[in-house]
Amino acid sequence: MRILQVTHYAPPHYGGIEAAVENLTRRLARSGHTIRWLTSRVGGELQEQHPGVEIVRVAAWNPLERYAIPYPLFSPRLIHEAARLVRWAEVVHGHGFLYQSTLITLALARRNNRPAVLTEHAGFVRYPREFWNHLQRVAIHTLGRLAVALADVIIVHGTRAQKLVRRLAGSSKPIHMISIGVDTEIFRPIPPEEKLALRRALGWDQRPRALFVGRLVPRKGIEILLRAVDPRYELVLCGRGDLALTDQNGLRIYRSPDDVTLRKIYQASDLFVLPSHSEGAFPLAAQQALACGLPVIAFYDPLYDPYVHPEVVRWVSPDPRELREAILETACELAQAGGEEKRRKAREWACARLSLDHYGQQHLKLYESLLIGG
């Protein structure tokens, strides 16, 4: 099958959509399908390729990144490249209903009679400034509604996005809930002696490590994390963003680490913290942590319920003091006799319920049903 995936960004630009689509394309390619991935080229990003996946990048301007808004503005070349790739494809799959790349490609798929899939990953995302929230609402009810109308079927990863898309689509449009998958072959625990050696190589001391992976922007709860810093453990932040953060006692920053380094950081850490809000589903970074055997501490959100259970996630309120106490208590539990059992449960949960195999198979079934129906 010839499948076209379309996103606003692709790795090495880091984000939840980029990681989810990278995992999907790799799994589809491994199953023997031919994948082309249309995305932006911003700054000096690498032109890396993956086996069985051709990444086609179009120059784009990124002026809104300074406001922590992931919205590249593509050059007019996007229309030409999208038209060429749509004619090649048997199935067209756009990600994010507000992005230029998605809207143009879905419109061209409709014109060329190609089956079109739309995945809306997050739905409405709340920003600190009300101006951006108002602008987003207008965009959702215009551009988002158009993207939904152009798609033959829609995929969502969480109930929040599902409710929003249903309001835009009406009752007749098919909407499928598919959980984001994590690659449990790449993200896995390592033996204690390897973990100790890895921590030494990273220059870490014996203190517990609480890890956060994501964009270093306010809506990810960074301010609460910073207020929870404590010299008794080290908070490790991995991601990109313009927040003026520097290493200090109890805080270590890794800005945009490469894939190999990021995996090592997961494997060397003790637990994962998830303080963000306005997520479309239980974030991929937290799923990767579970796959590496890391218990998760998170601010409760009802949309996480289909994905995880208090057995592997400890819910806390968005309070720095409570978060600090939860980190210290969890680190203490992990250091005791039952710590290995907590790590094992986290790993088993990820393998049984958040597998990338299941994620890829559900997409393939949907693509095949569209081709048969067409």
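The values are calculated or read from the model by the stated rules, or taken from the named source; none is laboratory data. Everything numeric in this text was worked out from a predicted model, so none of it was measured. Virtual Cβ from ideal backbone geometry, glycine too; neighbours counted across all protein chains shown. The accessibility values were calculated without ligands, DNA or RNA, using every heavy atom of the protein model including side chains. Shrake-Rupley method; radii C 1.70, N 1.55, O 1.52, S 1.80 Å.
The table for this structure:
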quantity: For the range 225-374, the fraction of alpha-carbon pairs in successive 5 Å shells from zero, as %; calculated: 2, 8, 16, 19, 20, 15, 8, 4, 3, 2, 1, 0, 0
quantity: Distance from the range 78-153 to the range 236-261 (C-alpha centre basis), Å; calculated: 32 Å
quantity: Bins of 10 Å from zero: percent of alpha-carbon pairs in the chain; calculated: 5, 24, 33, 24, 11, 2, 0
quantity: Theoretical ellipticity at 222 nm over the chain - DSSP helices of four or more residues, -39500 (n - 2.57) apiece, nearest 500; calculated: -12000 deg cm²/dmol
quantity: Relative frequency of Cα-Cα separations exceeding 22 Å in the range 131-283, percent; calculated: 55 percent
quantity: With at most 16 neighbouring Cβ atoms within 10 Å, loop GluC sites (Glu not before Pro) (DSSP) excluded, longest segment of the chain; calculated: 186-310
quantity: Carbon/sulfur fraction of accessible area - the range 64-173, other protein chains in place, 1.4 Å, %; calculated: 57 percent
quantity: Contact order normalised by residue count of the range 283-350, Cα under 8 Å, 6+ apart, percent; calculated: 45 percent
quantity: Cα-derived Rg over Rh, computed across the range 82-161 with Rh taken as Kirkwood radius; calculated: 1.02
quantity: Assigned charges on the beta-carbon of Lys, Arg, Asp, Glu; the range 230-374 dipole about Cα centre (debye); calculated: 280 debye
quantity: Cα-centre dipole for the chain with unit charges at Cβ (Lys and Arg positive, Asp and Glu negative), debye to 20; calculated: 1000 debye
quantity: Sulfur and carbon atoms: percent of accessible area, the range 188-319 [1.4 Å]; calculated: 52 percent
quantity: Mean separation of Cα contacts under 8 Å (6+ apart) over length of the chain, as relative contact order %; calculated: 15 percent
